[in-house]
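Visitor: There's a structure below that I have some questions on.
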């Protein structure tokens, strides 16, 4: 057993030297003198290492130049010294690592006390130190006893944490607890000269360190390794206790194997995926018995006395089974539970077939409602027929719900992508960001998730790049250095709502206005609410960031987000408070297949306005209406002035209501793009299957598609953003409303 | 009573005992013990020590946070601090130095090594 040679770098004090250099004050002669002395000491020790010596000599020379005032640029020379010392460190590492015997050539061995173990196992020995060793000769029995007691306490804490990690592998608090247990045991045992235990604890600590740094996840094979390490450490503590009573200090069974595995788990094929085969029974105790890890009568005894604590903990404490076994059993139990829940088998179906099925069902819904609204059924006095049609209607609606549910997927997948993105972006930007997701199980039409991905990516990038401040600025602002990004999804009012909020610096109203004025988007911010100002960032080409980062930016603004959400017939709103953060709220229809619409009448035409676009509708009083020169007809609603667009003029419809006070105004659009559409009356809410107008007609401004209504006639679906854009364009160009922009019988 | 007034912050009782024994060997027996940063801050009300010996990895408030907190208080701004820990990489050394510690000592250490470090950060008056 090698008790002598220490780590070469340590004996050379090169790290100390580097530290000294970092803290060294250039102008202080004391500091320079101290540095010079340390260099001399290192030089003397490095006599057998020519390259190290060379670098150190050069550094000494440079230092002398600074002290004597011969150096013209002391700062540059100083950093050169730093580089040379670093070279010396690298060289000494390179020299020592391949040939262990050089260490012997380095003078200044530490006091020949067994209480100082080598920091690295002697390469001459096998991977794991030999199976039997003695307690260090000068071991203080009292201290050893205390170490064992304290060690057990740490192990117990680690066991509880490990069990909770079995069900929640991302509990970082628990990871830290286990890490600290390994770390403390390592440190103390090293002092006591307990090589076997400190070496194992060191490797186990490294494994947990990787989990803590999120390099690996605490699942599968990694979890197994940590559990085994705890078991072996416990056995080692017991062995020390016995050794204190005079027994030889024995390594527990499996020590060598585990020691090797921990050195390089991946080389042994361990990953977060490796999991044991599940078996059938359900209670932890049953699983242990079935696996032959415990006897049934023992488990039952434990169950009687378990008291408040979980059965797993009770089993470990009573030493009926080991921690590893109980943790395995818990995991098996979870697997069975989760397979039980989703026990139904599944099959893959091509999405185009599914899409077609959903379309057909949509058509069926409409065809059925045509039958139900037929005059023969309604007024013909055929009670039997009406009843049968009603029954059919119920089945058809159930069929619709069912077919829709087939294409619904949870947000989970999309959110997980964002978690990854957040981590990568934060890392790249040198920021600390925690992503909290809520409502991952909220479902949305599969076809929409893909479209939503781009806007989400852009918003997350924006929040991490520009919203959340660097840790230092956050600290200065009195906030936690770790920024929080919250991504939530939930159902509200027949829509899906996705919220992304950060606790960063918030949007800068002044900056946005400045930019908007500079680019001619607005003339001034007079009368603009915060929300209206914030909405400006959705304008194409708008970006307040002067410097385009390589991560987000690319110069394109948030208009990508707006376009993506418009395409989904959704809308987005921004709330922001300076210094407190910013929240984007996206409202989307549940599905694109069926549009929830408000059927409105204009003259003899009927239109469908998607419900998601409608804020409210109201009948204006004469005083609220006014015509403003250059801006056209406006209406005042709750202190907000918005333009009025007459649908009948937009689409050239005859016989519609001209007097706005007799019609209805429907408020659509977002923020500064809010406007009121004049219609004759609301006919009621209706679900419709949106159809494109077909290649023959092409793209009609202001109309997103058509739908077959209950009576078999066609209704046009209003494209809310499109219709506002169209109306604005016509109003500002001063042109007359075009008649006959679209006429469909 | 002899030697420096030292505050020892370490969560492990065994570790504190070892460290106290080491300190006693080199002539320091005025040691106040604390189990983590929070505990230490509470005990500081009894007066400023001549030196802090601080472990890194502790629950509730770790060594780095504690050192950072000390350096933010006028009273303890210039009291020397040695971190007793296991730092291996330049990054870790930088973290210790940036937090405001004067020096660090890797565990395990000999009483002689500790004496050397103490002499370095607490020059005899």
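Visitor: Which order do A:259, A:182 fall in if you start with the one that has the fewest other Cβ atoms within 10 Å?
Guide: Least to most surrounded, the residues fall as A:259, A:182.
Visitor: What FRET efficiency do you get for residue A:367 and residue A:640 if R0 is 51 Å and r is their Cβ-Cβ distance, rounded to the nearest 0.05?
Guide: Efficiency for this residue pair is about 0.75.
Visitor: Please average, across the residues of A:186-199, the number of beta carbons from any other chain that are within 10 Å of each residue's own beta carbon, and give a whole number.
Guide: Mean partner shielding for this stretch: 4.
Visitor: Taking only DSSP H segments of four or more residues, each worth -39500 (n - 2.57), what value at 222 nm results for chain B once the sum is divided by all its residues, to the nearest 500 deg cm²/dmol?
Guide: After summing the helix terms and dividing by residue count, I get -11500 deg cm²/dmol.
Visitor: With each label point set 7 Å from Cα along the Cα-Cβ vector, what nm distance links residue B:74 and residue A:34?
Guide: 2.6 nm
Visitor: Between residue A:729 and residue A:692, what is the FRET efficiency for a Förster distance of 22 Å, r being their Cβ-Cβ separation, to the nearest 0.05?
Guide: That pair, residue A:729 with residue A:692, gives E of 0.45.
Visitor: Return the percentage of antiparallel bridges among DSSP beta bridges fully within chain B, rounded to the nearest 5 %.
Guide: Roughly 0 percent of the beta bridges in chain B run antiparallel, per DSSP.
Visitor: Moving to a separate point now. Rounded to the nearest 5, what % of DSSP beta bridges with both residues in the stretch A:633-685 are antiparallel?
Guide: Antiparallel: roughly 75 percent of the beta bridges in the stretch A:633-685.
Visitor: Full-extension gain between residue A:388 and residue A:347, please, as 0.36 nm times their residue separation minus the C-alpha to C-alpha distance. Write down the numbers at each step before the final one.
Guide: On the way: separation 41, 0.36 × 41 = 14.76 nm, distance 3.44 nm.
Extra length available between residue A:388 and residue A:347 comes to 11.3 nm.
Visitor: In the stretch A:594-732, what percentage of the DSSP-assigned beta bridges are antiparallel, given to the nearest 5? The partial results should precede the final answer.
Guide: Values: 37 of 42 bridges.
Within the stretch A:594-732, antiparallel bridges account for around 90 percent of the total.
Visitor: Peptide A:653-661: average number of partner chain Cβ atoms within 10 Å per residue?
Guide: The shielding value for this peptide is 0.
Visitor: Continuing with the same structure: In nm, to one decimal, how far is the residue A:633 label point from the residue A:164 one, both placed 7 Å along Cα→Cβ?
Guide: 6.5 nm
Visitor: Mind checking the mean number of beta-carbon atoms from other chains within 10 Å of the Cβ atoms in A:144-155? Write out the running numbers ahead of the final one.
Guide: Values: counts 1, 1, 5, 6, 1, 2, 6, 2, 0, 2, 2, 0.
Mean shielding by partner chains, rounded to a whole number: 2.
Visitor: Run the numbers for residue A:295 and residue A:171: contour at 0.36 nm per residue of separation, minus the present Cα-Cα distance, in nm.
Guide: 41.4 nm
Visitor: Relative contact order, percent, of chain B when contacts are C-alpha pairs under 8 Å separated by at least 6 residues?
Guide: That works out to 23 percent.
Visitor: Something else now. Relative to the present Cα-Cα distance, how much length would full extension add between residue A:317 and residue A:283 at 0.36 nm per residue of separation?
Guide: Additional length available on full extension: 10.4 nm.
Visitor: A follow-up question, please. Using a/c under 1.5 as the rounded threshold, could you call the stretch A:574-651 rounded, prolate or oblate? The axes a ≥ b ≥ c are square roots of the C-alpha gyration tensor eigenvalues, and prolate needs a/b larger than b/c, oblate otherwise.
Guide: In terms of gyration-tensor shape, oblate.
Visitor: Then there is this: Starting with the fewest neighbours, write out A:391, A:466 ranked by other beta-carbon atoms found within 10 Å of each beta-carbon.
Guide: A:391, A:466
Visitor: Further question: Is any residue of the stretch A:354-373 close enough, with backbone N under 20 Å, to a label point placed 7 angstrom from the Cα of residue A:713 along the Cα-Cβ axis, and if so, which?
Guide: A:366-373, by backbone N distance to the label point.
Visitor: Oh, and also: Points 7 angstrom from Cα along the Cβ direction at residue A:451 and residue B:29: gap in nanometres?
Guide: 8.2 nm
Visitor: Of A:529, A:32, A:501, how do they rank once you tally other Cβ atoms within 10 Å and put the fewest first?
Guide: Placing the least packed residue first, the sequence is A:529, A:32, A:501.
Visitor: Apply 1/(1 + (r/R0)^6) to the Cβ-Cβ distance of residue A:152 and residue B:21, taking R0 = 22 Å, and write down the FRET efficiency to the nearest 0.05.
Guide: Step by step, r from the Cβ atoms, then E = 0.50.
Taken together, the values in this text are just the output of simple stated rules run on the coordinates, not laboratory data. What you see is a predicted model, and the numbers here were worked out from it, not measured in a lab. Backbone-built Cβ (ideal geometry, glycine too); neighbour counts: all protein chains shown.
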